[in-house]
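**Q** Quick one: structure below, then a few questions.
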Amino acid sequence: MALDILYPTATSGFCKVRRPSVVDDILHSTHGIKQKDTPVVKPNIVVVGGSYVGCKTVDYLAPAFHETHNIILIEKNSHFQHIFAFPRFSVYPGLEDRAFVPLNNPFPTAPPKAARVIRGAVERVEHASPVPGKPWQNGIVVLEDGTEVSWEYLIYTTGTGKEGGAGIEKADGMKRLRNLQEEVKAAKRIVVAGGGAWGIQVALDIAEYLPEKEVTLVHSRATVMNRFHPKLHDIVMDKFASAGVNSRLGVRLVTPPEGYPTDGRAFNVQLSDGTSIETDCLVQCTGTVPLSKPLSYLSPASINEWGFVKVKPTMQIQDEHFPKVFSLGDVADTGAHKAARPAYEQAPVVEKNIRKIMAWEHERQREYRGEPLDLVQYKVPGHGIHLALGLTESVLFRNPVTPGADPVYRISKDDAKALDAGCWRIWANRAPTVTDFRS
Ligand SMILES: Cc1cc2nc3c(=O)[nH]c(=O)nc-3n(C[C@H](O)[C@H](O)[C@H](O)COP(=O)(O)OP(=O)(O)OC[C@H]3O[C@@H](n4cnc5c(N)ncnc54)[C@H](O)[C@@H]3O)c2cc1C
């Protein structure tokens, strides 16, 4: 069967495309967007990825554009996953339900019905050109179940993770964390692989919560937190010394083809210098990749050799064919430190630039195709981090702005509220009326 699908454009009405056996989700009556007795629907601004950066982007886009556009967030997981808490909740029991926040009404400050969430994994981003190879600004995203959603503007914020990973239900996510807690609890000796924030927080939480364990952190570089000024390495090493965490730096794991046991029996972790560590449990805090594959169908040119999306300071992807496609957050090669806070500043850049493009189109009554336009540029902030140093202490660290200067940092005692690793804040922002953490 073939369906005619109408792809709305901002200025030129509709583009009619004939495609075999497709259903445009946004024209599908079950989503309630098609208005009765009228063929006119608003064009879509689609945000792919509903985590820190995707949701923050919708916070800006929904109030700004909901009158002229549908603002649609597509997220593959059942819940917003507060990843910051995962290191703690893979060790410390009882709070794991708080790391999964419902996405029923995640934009409470936006005007009612200004944005909606579609649950689904985007498999491909495509353009909607009826002529193969012809550049075309509008396009579709294709979900893994075949559903298609058209877009006039696309904001791609899929972050990093395991390539091809399916969406996760809250119950399964909680189970994974509990399984890790059990493995850690049952082990006498634990190797933590990865000297970034993830590994450091896991190692220090184990050392503090389960002080009888022997913990060794393995990291491939000579210093941990190696994207930061070496002072942060010194702070972490001091903390490791007082907490009794061992470290093996400048060596990599040599992973056996069959992987490592997870049943609690002792095994050897082989290291790249020929030595090994006998352990009962390995916690891998490395190995995520940028999830850019769906976008690579639309624009292979904008994906760099490591899989990150190449973007301009305007947050548009580096592909002149698609001036209405933006990418931000961890998946994008923005030059910013990979953390939520610097990426939050990218969201208003997108909002301002979409506004400018719309104004340009309104003035000229034609579609914007990348003509010179004075767009807003993102300024990469200095590297900074708030790093937990165990259950009750953390460091706020900022790299020096000028070479040779000293970093700025403050080590402080955390209050009891910090035990949930900031979950309370996500619930307050994304689910303020929900009181049951099991939701
Ligand atoms: C264990 C750990 C602890 C961390 N702790 C901190 C911290 O304390 N402070 C800090 O600032 N940063 C921390 N970070 C880094 C921080 O989590 C990231 O910088 C942040 O998550 C980036 O946000 P994002 O929205 O760009 O991407 P992500 O948070 O990775 O979100 C991407 C979203 O896109 C969805 N998605 C991906 N592919 C698809 C698809 N094909 N279709 C639909 N949806 C899709 C994913 O399900 C996910 O919800 C930590 C990272 C880790 C791994």
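**Q** Who wins for biggest fluctuation among Arg425, Arg189, Arg398 in a Gaussian network model of the chain, springs between alpha carbons below 10 Å?
**A** Judging by the Gaussian network model, the answer is Arg425.
**Q** Give me the lysines in straight-line cross-link reach of Lys162: C-alpha distance below 21 Å, same-chain residues under 8 apart excluded.
**A** Within reach: Lys76, Lys170, Lys175, Lys293, Lys310, Lys338.
**Q** Excluding Ile206 itself, calculate the net charge of residues whose Cβ lies under 14 Å from the Cβ of Ile206, where each Lys or Arg counts +1 and each Asp or Glu counts -1.
**A** Neighbourhood net charge equals -1.
**Q** Another question, if that's okay. Tell me which residues come under 5 Å, amide H to amide H, from Trp151 once H is placed; ignore anything under 5 positions away on its chain.
**A** Under 5 Å from the amide H of Trp151: Gly139, Ile140, Val141.
**Q** I've got another one for you. Can you tell me, using C-alpha contacts under 8 Å and at least 6 residues apart, the relative contact order of the range 159-284 as a whole percent?
**A** This gives 27 percent for the range 159-284.
**Q** When the helices in the chain are scored as -39500 (n - 2.57) per DSSP H run of 4 or longer and the sum is shared across all residues, what 222 nm value do you end up with, to the nearest 500 deg cm²/dmol?
**A** -7000 deg cm²/dmol
**Q** Continuing with this model, one more query. Classify the range 371-429: rounded, prolate or oblate, from the alpha-carbon gyration tensor (a ≥ b ≥ c, eigenvalue square roots; a/c under 1.5 rounded; otherwise prolate if a/b is larger than b/c)?
**A** Here the range 371-429 falls in the oblate category.
**Q** Which order do Glu152, Glu305, Glu126 fall in if you start with the one that has the fewest other Cβ atoms within 10 Å?
**A** Sorted ascending by nearby Cβ count, the order is Glu305, Glu126, Glu152.
**Q** Let me ask you something else. Can you give me the distance in nm between label points at Thr109 and Ala222, each placed 7 Å from the Cα along the Cα-to-Cβ direction?
**A** 4.5 nm
**Q** I want to check the label-to-label distance for Lys175 and Thr288. Put each point 7 Å from Cα in the C-beta direction and report it in nm to one decimal.
**A** It is 2.2 nm.
**Q** At Glu182 and Asp406, where each label point lies 7 Å from the Cα along Cα→Cβ, what is the point-to-point distance in nanometres?
**A** 5.0 nm
**Q** In a GNM of the chain with a 10 Å cut-off on Cα contacts, which of Thr402, Thr279, Thr392 has the highest mean-square fluctuation?
**A** Residue with maximal mean-square fluctuation among Thr402, Thr279, Thr392: Thr402.
**Q** With a ≥ b ≥ c taken as the square roots of the eigenvalues of the C-alpha gyration tensor of the chain, please select rounded if a/c is under 1.5 and otherwise prolate if a/b is larger than b/c or oblate if it is not?
**A** prolate
**Q** Still on this structure, please answer the following. Using a Gaussian network model of the chain with C-alpha springs under 10 Å, which one of Ile317, Ile411, Ile72 is most mobile by mean-square fluctuation?
**A** Ile411
**Q** Amide H neighbours of Val283 under 5 Å, counting only residues 5+ apart in sequence or on other chains, H built in-plane at 1.01 Å?
**A** Here the answer is Val191, Val192, Ala193, since their amide H atoms fall under 5 Å of that of Val283.
Taken together, the values in this text are just the output of simple stated rules run on the coordinates, not laboratory data. What you see is a predicted model, and the numbers here were worked out from it, not measured in a lab. Reconstructed Cβ throughout: ideal geometry from the backbone, glycine too, with neighbour counts over all protein chains shown.
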